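A.B. asks: Mind having a look at this structure? Questions to follow.
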Amino acid sequence: MSLKSFNRGDHMENPNSETQTIKNRLDDVKQEIYQAAKACKRDPETIKLVAVSKKKSVVSILEAIDAAVEILGENYIQEAVEKIETIGRTPASWHFIGHLQSNKAKFAVRYFDLIHTVDKLKLAKEINRQAKKIGKIQSILMQINISKETSKSGTDEEDAVKLAHEISKLENVSLKGLMGMPPFFGEPERARPFFKALHDIKTQIERQNIPGITMEHLSMGMSGDFKVAIEEGSTLVRIGTAIFGSRN
Ligand SMILES: *Cc1c(COP(=O)(O)O)cnc(C)c1O
């Protein structure tokens, strides 16, 4: 479905004004990603933008797709499934970035190309079971509790290597890297040590040479701190507010 067909007959007087806003913001974010990469001598092509569309309307998402967004990030299964059923699976790649309960794994597997938030063997096993049913190899990231806050999701640093070994044995799951969130949103320099810690865990897991897994992705950095995350090795920046505006 294209934005034009969706808007047809809609009440919007000037359908271009909002498009401009999201497109302009997106262009700015892409430019900042490019510059941050260049500044630390990284190839900008190695950093992918996940446009986080949680709580944003289908119209806004279609505007982002029209403005060439390639990856969309969603946090809530039911909300995401409704949007994906409307928009379709294919105009962009859908990533699941929210907390995932085992009983919703089935939907995550059916609708998403990459699940960023796998933090327990139980969840990985359920994803494996659901993926097997539909003949899919499900790409996942392991979420690490870098902030060490008990309220935050993620596996503890000490358990990460062990969990990577266990996940590697699951036939229908492909572990491709790590995801983490620092505790200080929007305070880039205070987030840096947490990004470094995540990068260190990636290195530790790489040293294990575990067959069947890769550590190609580090999912870290949000609207307030993505430049620092890029400096510390991020390959997937998850950006919502800076593209779609605030959520309330
Ligand atoms: C909401 C969310 C984001 C995006 O946050 P912004 O500050 O709006 O860029 C990124 N990652 C996760 C896991 C989120 O829940």
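A.B. asks: Do we find a residue being part of a loop (DSSP other than H, G, I, E, B), touching a residue at least 40 places away in the same chain (Cβ under 8 Å) and within 16 Å of the ligand (Cβ to nearest atom) anywhere in the stretch 203-223?
C.D. replies: yes
A.B. asks: Would you mind stating whether Ile115 is under 12 Å from Val173 (Cα atoms), touching a residue at least 24 places away in the same chain (Cβ under 8 Å) and out of contact with any Cys (no Cβ under 6 Å at 6 or more places or on another chain)?
C.D. replies: Criteria met by Ile115.
A.B. asks: Taking the condition open to solvent by 20 Å² or more (accessible area, probe 1.4 Å) and either modelled with pLDDT under 95 or not in a helix (DSSP H, G or I) (or both), does Lys41 pass?
C.D. replies: Yes, satisfied.
A.B. asks: Quick one: count up the residues across the stretch 204-248 that are β-branched (Val, Ile, Thr), out of contact with any helix residue (DSSP H, G or I) (no Cβ under 8 Å at 6 or more places or on another chain) and over 27 Å from Glu63 (Cα atoms).
C.D. replies: 1
A.B. asks: Are there any strands (runs of 3 or more DSSP E) wholly within the stretch 68-149 with 3 or more residues that are of a type outside the set (A, V, I, L, M, F, W, C) and open to solvent by 10 Å² or more (accessible area, probe 1.4 Å), and if so which?
C.D. replies: none
The values are calculated or read from the model by the stated rules, or taken from the named source; none is laboratory data. Because the structure is predicted, anything quoted here is derived from the model rather than measured. Please note: Cβ atoms are built from the backbone with ideal geometry, for glycine as well, and neighbour counts cover all protein chains shown. To get the accessible areas, we keep the full protein, side chains included, count just its heavy atoms, and leave off ligands, DNA and RNA. Shrake-Rupley method; radii C 1.70, N 1.55, O 1.52, S 1.80 Å.
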